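Okay, structure first, notes after.
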């Protein structure tokens, strides 16, 4: 195994800069500021606390003669039948935010939705969710939500809104309605109703991050402007050009599950797909690739052109003219031709010329109907850039009288929207405030998706229902109802949706119609069962003109896994979510390659001025030379108290290219400013001191020897000796297995854990001091040269060691082992010595440096009555001064055990699912009883790939890891022996 | 001189003790000016039964207390009546007093010799009383004073030992010292351990609901009202529509007459839920499930809640301390063989077979561990 490293400094100098500066000084500073009364909550500093301590013992006794406050118990007047106080209900619903679709189960406790889970029965998302879906429940309780209808700054009633709007639209002017992509069949019906009443209305779908190029390319080639269905599970050879299909591209949850299913390697089935990623910025998807080629966007277009011609030559199709490419793509061509009908070429570009090449290659390889699907086409990303461009032009010419913007934010995502002022009347319909709502005359609050009815058709023929899980919190009204009222219709949207489903979508057979609505609502989805017609049968070879511009430096823009296109900027869970690759949170930054940084004289965390805007720099291993990258979604100005003024708005660099939104920009001017800007990055926290952490092998080696790369495991197993009595667990011994081959690093588990366990958000400054509270983190390691490193993602939670180092150092026995193998913490007993933190080799314990709840210094979700509603009542909110860590969701273990006991039955394997496991889109995490040899987790632990982190320390962890297998040729000269390179340096823990 | 000092000390001690422990009586209510003072005065005297020949046995105030009391009283207190009739007409009040409809009320009210003008005066007084409310008893704070006095004694003893040296018998000082310190420690310990606990807590409820009447006299099963006890962590405070099952018909209470049940009727008809006072307040960091104990463990309600069926007003009989929980978990046998869930505990089954243990307690399956209740 090669030496793994976490940051550029560590690669260069062996230590991190922070560590170079001296951990001691860092700790000293860290400790001193806890005494700083400015930061500490109102109850005074720690020193004051100690002063008062003596008095408090006596006063406690005195005070105790006072009565406890009277608590009331107010039952329902008439209890709804399905509600049992103290028990959660789960409602199947649909998440769709305009870009991303997921079938979800909403956990509702005492009337409040508190957690989103994946719906395992859904044929589309199949139980997976993304970090954004997990965090969306917090948006329901966002302080920045629109609460009342407002006209020119005055709160008005809905009746007045309707009267006003009907009046305005009745004048007969040209009305334009802009919405995000709409996949709801019933909403389309509502819009048809609206347009019938106001025929002079134009409806435009607008995607902040557009995939218009794919649709138009398919229109050119197949005569149908569709996005085909992608079947990554059927692909044995995946060639991706700048498409972050596991992170943010089109339908990442669906793709992740499909992709992961091809990455499952066992001795019985030693096969996996081969994934090549050609890209400029190191994306999360690229970090999972078997092989990654860092090139500039121009170069990747040329490679595509070359491949196109080579495949065309082999298949008897006409050539196109392309300039020659520098990098040889012959081996990709060979592999593609070998894998006809089971390969897949994708591209994240929005350039229709490039998408035509991609579609052409896939067609010539016979991939349509196997890995690509023209029947079950994807209905997302329906916006047309051309149409939107025409609308902007007509707006600028003053041809638009009434402009209705629903749940879109063009003021932010166009980098300014001056043309809007030309419209006579502007209205915004949406659930939360943003730059656009502030610029409109009329604001109509929309429901959050958890308050509203709705439906979706994410894939042709697959329908999904959305039901309200809570009574609307504010004086909001569904977007569809606003339109129906505007169109003077009597019918409300909830009546319409049921009518639409029962009469249009419902199956025709009479017998299956009984209770069909109730059954479908309960399941959350409906499959028509009928194979949809293919969108097209014909194919015409494309005429492609590739004119890549030569440029020294190209800026590529990407959507971050946390914030997407910026719509989640006010969500503190997502702001504090470290980026899967750079591990930076709370900011966007310019990723620069090491070579370019040396050439331009850039420092890590330095600041450059790009077209006059100051942007911090991060030297990103794997960034293609000649490119820099910046995340979209930051730099919001009217998002709310959390999201404002973080990072820079990168949408200003999105340019129009022949009517298409291009997310690359080669016209940037960059100057070094000499300033520095420290970023909040988490990977350099919690070091495990360079021990062999991630073990890897290649598919070839694995076929020869399943324990390849994992020899050290056998070695340590053979040497295990102990003076302690062997730990024995009767009944249940909980354990987990993490398949590092399936984990894509998508961060879904991290947010799921935050939501389940009431984990506090600490803010940028505290993250910089290494005080992030996440119980679960995904470590990212690099190996090889920083120009094109190999990347590893490793989910890390408490390892629940059977021989736990943390337990025997606790002076008050606040942490101890349970008879089910859990390492438990009793918060009320903890006195905060932090001995356990210092003695944990996995760095998974967290200390509450402050009181994070009801503290104005931490003005995030736990500082308002509204957003505290999201707290899980089954998990204690921790006080200041105690240590906390992953419990393997002991509340869920206890709940399911009790359920089995109440029903008088054996607990089934897989019944208990900790939050991280439940919604993992790739199924990388498995939890179960290790005492049961038939359980899934036991079987996985029997695999040769299984090992334990730092197993040589004899901590006997309960969490096993399966070695990472890459489908690459074994590289000669790199023996799996460098694990012996354990650093001898002094161990200072972070 | 010496004699005097010790005597004065003990006098002060005893006197202050008596002074502190006696409850302080409240001030009289002020009178309004709308009506003549004499009328109000007469109304008040009538209510307290101070006017000769009007009451045979008990006067109004004997049943309808005007002072906050610790003991349980079936009858509505004076303020409740006052506020109920404040907005109502005099005729209604006269009718209610003189022609009682409920059985309990008529037994007592028929012994009155009140005429309509007397009742009018009483209403005058009650309308006035409504604004002042029940007289509060000031809390008795003897423990703090006892603690402080012991502190004074201690400092006096220490000063005497080192400076005054007035007491020649050092042994007396030593005994006083030890007793005072010990007593203070005891007070601190008691106060400390009872922090956040409320054994014997017995608050007045908004409706005088009696478990004696429901559970004992009428033999209603606990689960008829506490419906979720077998499947949720919460036993379920019954919602008003459960009360309504019977009280849509039953309107006259055995002990309480009509007044208490009318509150339930009002709640149902006006759609306002009843705000009960929570008696058993387990700390928020403790997870407790009724279903686990009642259905799985087959524990009787009375094991923790005491003889509820003998309580007119519910009182907390257990201290709900962790020690109390743990002790029970150590001693209580679980339903080990009846529930297939426990099949997984193979070692325990083996031990039972071999006779190594004769019963399986909650502790043996991990019932005394932190994370079983705290997470």
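Derivation of every value follows stated rules applied to the coordinates shown; laboratory data play no part. Here the structure is a predicted model, which means the values were calculated and not measured. Neighbour counts run over all protein chains shown; Cβ positions are idealised from the backbone, glycine included.
Points worth noting:
- Debye intensity ratio I(q)/I(0), log10, segment A:408-513, q values 0.13 Å⁻¹ (C-alpha model): -0.64
- Overall dimensions of segment A:554-681 by Cα: Rg and Dmax, Å: 14.0, 39
- Selected from B:311, B:108, B:322 as most flexible by GNM, with chain B as the system and alpha-carbon contacts under 10 Å: B:322
- Segment B:37-132: Cα Rg divided by the 2.2 N^0.38 Å rule of thumb: 1.00
- All-pairs Cα distance distribution in segment A:736-836, expressed in whole percent, bin size 10 Å: 12, 32, 37, 15, 3
- By the equivalent-ellipsoid construction on the alpha carbon gyration tensor, segment A:841-977 comes out with semi-axes of 34, 25, 15 Å, ordered largest to smallest.
- Structural size metrics of segment A:444-603, computed from C-alpha coordinates, are Rg and Dmax of 24.2, 74 Å.
- DSSP bridge orientation in the protein assembly as shown - percent antiparallel, rounded to nearest 5: 60
- Of the three principal axes defined by the Cα atoms of segment B:321-375, the extents in descending order read 35, 20, 17 Å.
- With a Förster radius of 22 Å applied to the C-beta separation of residue B:142 and residue B:185, the computed FRET efficiency comes to 0.80.
- Residue of B:317, B:296, B:229 that the Gaussian network model of chain B assigns the largest fluctuation, springs spanning Cα pairs under 10 Å: B:296
- Treating each Cα of segment A:294-434 as one equal point scatterer and applying the Debye formula with no solvent, the log10 of I(q)/I(0) at q = 0.17 Å⁻¹ comes out as -0.92.
- Normalised contact order of chain A, rounded percent, pairs of Cα under 8 Å and 6 or more residues apart: 16
- With the convex hull constructed from alpha-carbon coordinates only, segment B:76-172 shows a mean projected area of 12.2 nm² over all directions.
- Along its three principal directions, the equivalent ellipsoid of segment B:275-375 from the Cα gyration tensor extends over semi-axes of 30, 15, 12 Å, largest first.
- Principal axis dimensions, largest first and in whole angstrom, of segment B:150-223 by Cα: 71, 20, 18
- Spatial separation of Cα centroids for segment A:707-731 and segment A:904-931, in angstrom: 24
- Each Cα pair under 8 Å and six or more residues apart adds its separation to the average, and for segment B:321-375 the resulting relative contact order is 46 percent.
- Euclidean distance of C-alpha centroids, segment A:413-447 and segment A:356-404, integer Å: 24
- Rg(Cα) / (2.2 N^0.38 Å) computed for segment A:227-347, rounded to two decimals: 1.07
- FRET E, pair residue B:250, residue A:625, Förster distance 60 Å, beta-carbon r, rounded to 0.05: 0.10
- Mean separation of Cα contacts under 8 Å, 6 or more apart, over the residue count of segment B:201-301: relative contact order %: 36
- Comparing B:46, B:188, B:282 in a Gaussian network model of chain B where C-alpha atoms under 10 Å apart are linked, the largest mean-square fluctuation is found at B:188.
- Rg/Rh (Cα only; Kirkwood hydrodynamic radius) as it applies to segment B:251-326: 1.07
- Here, P(r) means the percent of Cα pairs in each 20 Å bin from 0 to the largest distance; for chain A it is 13, 45, 35, 7, 0.
- Both radii are taken from the alpha-carbon atoms of segment B:201-301; with Rh as the Kirkwood radius, Rg/Rh is 0.99.
- The ratio of the alpha-carbon radius of gyration of segment B:224-276 to the globular-protein estimate 2.2 N^0.38 Å is 1.23.
- Spatial separation of Cα centroids for segment A:816-840 and segment B:322-364, in angstrom: 26
- The Rg/Rh ratio of chain B, with Rg taken over Cα atoms and Rh as the Kirkwood radius over Cα pairs, comes to 1.10.
- Whole-Å semi-axes of the ellipsoid equivalent to segment A:95-204 (Cα gyration tensor, √5λ, descending): 34, 21, 11
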